[in-house]
Structures are given as structure tokens and as C-alpha cells.
Amino acid sequence: MALVTSKALLQRARQDGYAVGAFNANNLEMIQAIIEAAEDEQSPVIVQISEGAIRYGGLTYLAEVVRAGAGEASVPVVLHLDHGSGFETNVRALQAGFTSLMFDGSAKPWEENVATTTLIARAAHACGIPVEAELGQVLQSRDQVTAKQVSSHMTDPDMAGRFLELTGCDTLAIAVGSVHAMQSQEAELDQERIRACAAAVSVPLVLHGSSGVTEESIRQAIAGGIAKVNVGTYLTAGFCEALRTASAARPQEHDMRKLLGPARDEVRARVREKIRLFGSSGKAQAVPAGEFAGPDFAAVE
Ligand code: G3H
Ligand code: ZN
């Protein structure tokens, strides 16, 4: 089927108490693995492309590969921009056919985050495309963060409510104890804060940095209002491990498919595992095709 937007998918997920996985992809094999895993599980799926992935693989190349994969799939596939850093990046993604955007102004002052999110939401909504924003900040593990820093960057639920009113964004990434790019699952989330954010805003909430979070904490977070869970490091780590194992077993191999194939299989298995954890298996038909709204010209001034 054609690419779909994330809006109705995530609203349904929040309403019904599960989450849709948003999996970072950098190349052909990862895109195939993610969509095939969603097909295996009969789950909706979000393939997300970061600015780093765009620098590596190219905006149009990656977008067109995801579009081709979605076209062959029977499950809903969203093409999402992950951590877009500004207005220009978001507009380029819009032009390239992304069906879901993100502006990450979490490191910016409040006024700037509000102003840029509002601007991007207005441009995207004119094209029928939803926008994720971030308030509070999910830090990077390479910053060697301390527990105190993680805590001091968490999302304030009252500010989240105000942010939604001002910006009109469609989903909100909240900082509730996770850190990006962790290699082991040991972080516990602030469940009370998740519930308070969910009470303050009605839109689906997004968890970033899930690779480092314990499974039980993720289950509780979804029950508390998280409806989109981002997974990156767990997949790239699996890809690289499988590639190293295949290379070690075949040191003279010159057919790259014999090395990349097992890496793709490993990512597929890991995506399936996460989809089951998030509770979206079998939810591919939860949103009727007619609800994937495109541009609404009646709503544009
Ligand atoms: O935006 C991407 C995610 O937050 C991925 O985080 O690499 O820690 O799983 P992760
Ligand atoms: Zn993230």
C-alpha cells in the first residue's frame, strides 16, 4: 500500500494502549528488515530517517526505498523524519514525500522551540502531514551524562500542556529517564511523570532512546500513554554484530550478500521482538485505510 501518515495510527495506538515502533534505518538492508518484520507481525510500522542517515544514504534515495517497500507491503508504513534540526530540513523532507516530520528544538530556548515548532507544524499541516516535537531533552550517552543531568532535563508536564496549546504539534517526545545510544537495557523510566504528561496533553507521547530502557519499564510507559517508541542503537548494534560474525566465519568471502544477508536477518528478528513488546502485533488493520488523511484543502486558509 502507499505510505501513510502517522497521525491516525498513533492516535489509535494511544487510545487502545499499545505503541507503534519507529525504527531507524540507514540503508537498504535495514529498511527491508523493518518492513519485513512488520509484515511478519501484521503490525503498522514507522521507518525513521535521521539527518545522519540522510548524510550517509541521501534524502531521495532513502525516501524512495522506503516508498518502494511500503508499496509492496500489506501493512501501513510511515516514512518519518527523525530529529529534524530546523525548518529547512523539515521542508526538504516534506518535499521528498515524508509522511511524518519531527522538529527537535529540545536544546533550544523555550521561545525558539515554540516558534519553530509552530512554523513547521503550519507548513506540514497545509500538506496534511503531522509533526512530532520534543520538550525536555533526551540526552546523548556520548555526553557521559549523569543521573542528575538526566533528571534535570526531564519534561515538565505543565509546560507540555502549554507547549501543545501554543504549537499545535501532533505528537510530543518527552524526556522521562531514557538516554540515547545506550548499549545495555538498564534505564528505568519515571512512570509518574509519563502519566502526568499524558494527563496534561491528549496527543500521543513519544519515547526516544528506548534501546537503553528495561522491557518492564517500556511496558509500563506504554500503559501510561507512550504510543510511539523509537529504536535505533539496538538495531545498528545487531546489524554490526551479525556482520562481524559472518565476516569472521567467511574471511575470504567476496560476495557481499553473504555478509549483509545475516545482518539483515538479525535486524528483522530484533524488530519483531520490539513489535511484540510494544503490543502492535496484529494491529495492521486497526486504522481503516480511509482514515489516513492527506491534505485537507478546506482546512487551509
Ligand atoms: O530518535 C531515535 C531514537 O531515540 C533511538 O534511540 O538509539 O537509543 O534506541 P536509541
Ligand atoms: Zn531520539
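General observations
- Residues Met1, Met102 ordered from highest to lowest accessible area at a 1.4 Å probe: Met1, Met102.
- Distance from the alpha carbon centroid of segment 197-230 to that of segment 75-89 works out to 19 angstrom.
- The residues of the chain present an accessible area of 44 Å² per residue when probed at 1.4 Å with all protein chains retained.
- If you run the Gaussian network model on the chain, springs between alpha carbon atoms under 10 Å, then out of Gln183, Gln48, Gln252 the most flexible one is Gln252.
- The helix-based estimate of mean residue ellipticity at 222 nm for the chain, built from -39,500 (n - 2.57) per DSSP H run of four or more residues and divided by its residue count, is -15500 deg cm²/dmol to the nearest 500.
- The calculated Kirkwood hydrodynamic radius for segment 82-124 is 10.3 Å, given to one decimal from all distinct C-alpha pairs.
- Accessible surface of the chain, 1.4 Å probe: 51 percent of it comes from carbon and sulfur atoms.
- Under-17-angstrom lysine pairs by C-alpha in the chain, whenever the two are 8 or more apart or on separate chains: 5
- With all protein chains modelled, accessible area of Glu88 [1.4 Å, Å²]: 110
- Listed residues Phe23, Ile46, Leu10: farthest to the positive end of the dipole of segment 1-48 (Cβ charges): Leu10
- Against the empirical curve 2.2 N^0.38 Å, the C-alpha radius of gyration of the chain lands at a ratio of 0.95.
- Euclidean distance between Cα centres, segment 96-122 to segment 180-196, Å: 23
- The chain - share of DSSP beta bridges that are antiparallel (%, nearest 5): 0
- Cα shape, segment 171-301, gyration tensor, a/c 1.5 rule: oblate
- Dipole magnitude of the chain, debye to nearest 20 (Cβ charges: Lys/Arg +1, Asp/Glu -1, about Cα centre): 340
- For segment 62-104, the calculated P(r), taken from all Cα-Cα distances in 10 Å bins from zero up to the bin holding the longest distance, is 30, 50, 18, 2 percent.
- Asp190 - accessible surface, heavy atoms, 1.4 Å probe, Å² rounded to 10: 50
The values are calculated or read from the model by the stated rules, or taken from the named source; none is laboratory data. Keep in mind that this is a model prediction, so the values were computed, not measured. Quick reminder, even Gly has a Cβ in these numbers, built from the backbone with ideal geometry, and neighbours come from all protein chains shown. Protein only, heavy atoms only, side chains kept; ligands, DNA and RNA dropped before computing areas. Shrake-Rupley method; radii C 1.70, N 1.55, O 1.52, S 1.80 Å.
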